[in-house]
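The values are calculated or read from the model by the stated rules, or taken from the named source; none is laboratory data. The shown structure was predicted, so the numbers you read here are calculated from the model rather than taken from an experiment. FYI the Cβ positions are ideal-geometry reconstructions off the backbone, even for glycines, and counts take in every protein chain you see. For accessibility, only protein heavy atoms count, side chains too; no ligands or nucleic acids. Shrake-Rupley method; radii C 1.70, N 1.55, O 1.52, S 1.80 Å.
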Protein chains: 2
Amino acid sequence: MSGLLYAIGEVSRITGLSVKALRLYQEKGLLEPSRVDPSTHYRYYTERDITLAHTLRALRDLGLSLEEIRGVLAELDQGASLTEQLARVRARLAEEAASAQRSVLALDTLLRNQAQAEAYLRAPPPLLERWLPAVRVALHRARGRYSDASVVFPRLLATCGPHIAGAPFCLLHEAEYREDDADLSWCVPLAPGATPEGVHVEELPEVQVATLVHSGPPDSVGPSWARLFAHLHAKERTPSVPLRETYLRVGTTGGGSLLTELALPWE
Amino acid sequence: MSGLLYAIGEVSRITGLSVKALRLYQEKGLLEPSRVDPSTHYRYYTERDITLAHTLRALRDLGLSLEEIRGVLAELDQGASLTEQLARVRARLAEEAASAQRSVLALDTLLRNQAQAEAYLRAPPPLLERWLPAVRVALHRARGRYSDASVVFPRLLATCGPHIAGAPFCLLHEAEYREDDADLSWCVPLAPGATPEGVHVEELPEVQVATLVHSGPPDSVGPSWARLFAHLHAKERTPSVPLRETYLRVGTTGGGSLLTELALPWE
DNA sequence: CTTGACTCTCCCCCAGGGGGAGACCGCCAC
DNA sequence: GTGGCGGTCTCCCCCTGGGGGAGAGTCAAG
């Protein structure tokens with residue numbers, strides 16, 4: 001018999017929807033109990049209501065919002081196509097999945113970089129000769145001092161926003177150390193298709209370098225540079241410009257050791 | 001100079017974070033403006049604050065909650081490993097992505113079924129001979145009448161809940177039509193590993209049938225069954241039992257045309 | 001009749017902000 | 001000085017999808 005009535009708690013147990021949720025769905029007009037006692041306001045549900053509640057739960061578990069569920073149920077009720085609403089939902093969910101997947105990939109990249117940075121901290125890689133690949137960067141060249149980094153990089157980050165695709169670095173266009181009038185280029189690698197506005201974009205060619213990862217405060221890099229120069233000298237190679245300092249650790253604002261990769265090109 | 005101060009609107013323009021969001025992050029202790037005018041309560045941010053805001057935005061865009069961001073920033077501030085928090089976030093995001101992906105797949109299945117049902121509605125497939133595959137079902141056998149469906153199926157759906165893997169159907173164990181004492185088995189296909197409790201589970205073997213999709217109210221299937229019997233008779237085959245009626249359209253509660261697939265086995 | 005399990009309504013809470021009201025503030029032009 | 005305009009302040013309510021609990025009323029079994 002369909003006259004059999006279920007109280008809200010039983011319906012909750014049967015459908016797995018919470019009592020709170022059932023009351024909410026009534027308030028939203030999604031699932032009206034077949035009978036509400038006018039004096040006690042107790043809700044009573046029929047088998048048919050329970051079937052509807054099951055449908056509702058299935059749709060909710062699929063990730064539909066209550067509004068979307070309302071649309072689907074309305075289409076169902078008219079015996080209409082259903083595909084319209086569901087196709088929209090599918091598109092939304094697919095976008096969500098893709099977005100989460102992209103985030104996971106980005107996090108993986110971040111974690112790998114981080115792991116490598118930590119490895120460098122524990123066991124700095126020895127002086128190494130390798131090729132730096134070509135890279136497209138947003139570049140700001142100016143005369144000044146190292147400490148300008150705290151001014152220039154925030155500005156670059158501000159303009160390039162979401163187009164950034166790697167650790168920022170600095171090019172030193174003269175080999176001699178200058179305290180306060182160095183010829184510097186502040187660079188941020190860009191994502192392949194990105195074209196930020198209000199900033200100079202340049203493609204740096206690949207270059208052969210001797211590299212060294214320096215850990216410690218950024219004003220103590222002098223001896224490490226000296227090691228690189230000495231190395232090239234010992235091999236009778238001619239150092240070239242620009243020198244490159246790459247800032248490896250993210251969030252360099254706080255404490256913790258900083259990591260700087262020094263790269264000295266030769267001809 | 002790092003003494004340069006930015007008002008909240010400028011910071012918003014630079015970082016892409018809304019003014020509301022910036023105020024919220026201050027309230028949550030994530031991003032404190034370097035100076036707050038004690039008399040006007042205006043917020044002023046330094047370049048360093050803006051860098052932090054960028055980090056914050058990047059993390060938010062990755063899908064981290066503010067609490068997770070707080071954790072990451074704290075680790076960053078101590079120069080700690082970072083990997084702990086980020087690995088947790090990665091796990092969460094991966095789960096989200098997988099879940100959304102599962103939903104998309106489920107929706108695709110649903111949409112395919114729906115599309116086929118609609119195709120059947122427009123152009124009912126002719127009488128067809130084929131094999132019904134073996135299927136594991138939750139089964140409730142009882143004597144009664146067709147209209148018991150509205151009682152039995154909700155109960156089955158209630159007990160089997162999320163284990164359901166297909167359209168429900170009904171087996172008629174006798175070939176003759178009986179109004180009120182038919183020998184019926186109400187069935188719901190189950191997902192492969194599912195073992196619902198409080199219900200009889202059975203594996204139906206595959207069987208060769210003549211099938212026909214009937215569209216219209218469920219009490220008008222008589223002539224369609226007659227067509228199937230006539231077909232087998234013309235081919236001099238012996239009809240067998242059980243007959244099977246599968247209810248194709250979801251949400252059969254509301255209006256709209258119903259679709260029932262009739263399947264008549266033979267020996 | 002009592003008792004324990006249910007159920008009712010009503011209110012506050014969460015994240016992550018959006019929208020807007022009403023009141024100040026800063027800066028530029030005149 | 002003074003007006004005007006845009007920026008900023010605090011404060012409050014709104015959204016989704018419910019959870020937690022208070023205080024009061026109800027149902028059914030013993």
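Brief remarks follow.
- Counting Cβ atoms of other protein chains within 10 Å of each Cβ in B:147-157 and taking the mean gives 4.
- Relative contact order of chain B, taken over Cα pairs closer than 8 Å and 6 or more residues apart, is 16 percent.
- Here chain A has an Rg and Dmax of 31.4, 99 Å, counting Cα atoms alone.
- Rounded to the nearest Hz, the phi-derived 3J(HN,Hα) couplings of region B:106-116 under the Karplus curve 6.51 cos²θ - 1.76 cosθ + 1.60 (θ = phi - 60°) are 4, 5, 4, 4, 4, 5, 4, 4, 5, 4, 5, where x marks glycine and proline.
- Interface A:B - total buried accessible surface [probe 1.4 Å, Å², rounded to 100]: 4200 Å²
- Computed FRET value (nearest 0.05) for residue A:180 with residue A:237, which takes r as the C-beta separation and R₀ as 35 Å: 0.70
- With label points defined 7 Å past Cα in the direction of Cβ, position residue A:87 shows copy-to-copy spacings of 4.5 nm, given to one decimal and shortest first.
- Between residue B:95 and residue A:61, the distance separating the two model label sites (each 7 Å from Cα on the Cα→Cβ line) works out to 1.7 nm.
- Shielding of B:54-64 by partner chains, average beta-carbon count, 10 Å: 4
- Alpha-carbon Rg/Rh ratio, for region B:6-80, with Rh computed the Kirkwood way: 0.96
- At an R0 of 30 angstrom, the distance between the Cβ atoms of residue B:37 and residue A:159 translates into a FRET efficiency of 0.60.
- Approximating the spin labels as points 7 Å out from Cα along Cα→Cβ, the residue B:116-to-residue A:108 distance works out to 3.4 nm.
- Accessible solvent surface per residue of region B:1-40, calculated while the other protein chains remain in place, 1.4 angstrom probe, Å²: 60 Å²
- Centroid-to-centroid separation of region A:162-241 and region B:197-243 [C-alpha atoms, Å]: 78 Å
- The figure for residue A:177 is an accessible area of roughly 150 square angstrom, using a 1.4 Å probe on the protein chains alone.
- Using the rule -39500 (n - 2.57) for each DSSP H run of four or more residues, divided by the residues of chain A, the 222 nm mean residue ellipticity is -13500 deg cm²/dmol.
- Residue of B:13, B:57, B:155 that the Gaussian network model of chain B assigns the largest fluctuation, springs spanning Cα pairs under 10 Å: B:13
- Under a Gaussian network description of chain B, with springs only between Cα atoms under 10 Å, the residue in B:39, B:103, B:150 that fluctuates furthest is B:39.
- For the A-to-B rotation axis, chain A residue with nearest beta carbon and its distance in angstrom: A:97, 3
- Those residues of region B:198-222 whose amide nitrogen sits under 19 Å from the label point placed on residue A:13, 7 Å along Cα→Cβ: B:198-200
- For chain B, a Gaussian network of Cα nodes joined below 10 Å ranks B:100, B:21, B:191 by mean-square fluctuation, and the top entry is B:21.
- Averaging Cα coordinates gives a centre for region A:26-101 and one for region B:1-80; these two points are 40 Å apart.
- Point-to-point label distance, residue A:129-residue A:267, nm (Cα→Cβ direction, 7 Å offset): 1.7 nm
- Overall form of region B:81-120 per C-alpha gyration tensor (a/c, 1.5; a/b vs b/c): prolate
- Region A:201-217 - phi-based ³J(HN,Hα) in whole Hz, Karplus 6.51/-1.76/1.60, Gly and Pro as x: 10, 9, 9, 8, x, 5, 8, 8, 9, 9, 10, 7, 9, 9, 10, x, x
- For region B:4-45, the gyration tensor built on C-alpha atoms gives an oblate shape. Its axis ratio a/c (a ≥ b ≥ c) is at least 1.5, and a/b is not larger than b/c.
- Cα-based shape type of region B:111-267, given that a ≥ b ≥ c are square roots of the gyration tensor eigenvalues and the cut on a/c is 1.5: rounded
- Peptide A:102-111 - average C-beta neighbours from other chains (10 Å radius): 6
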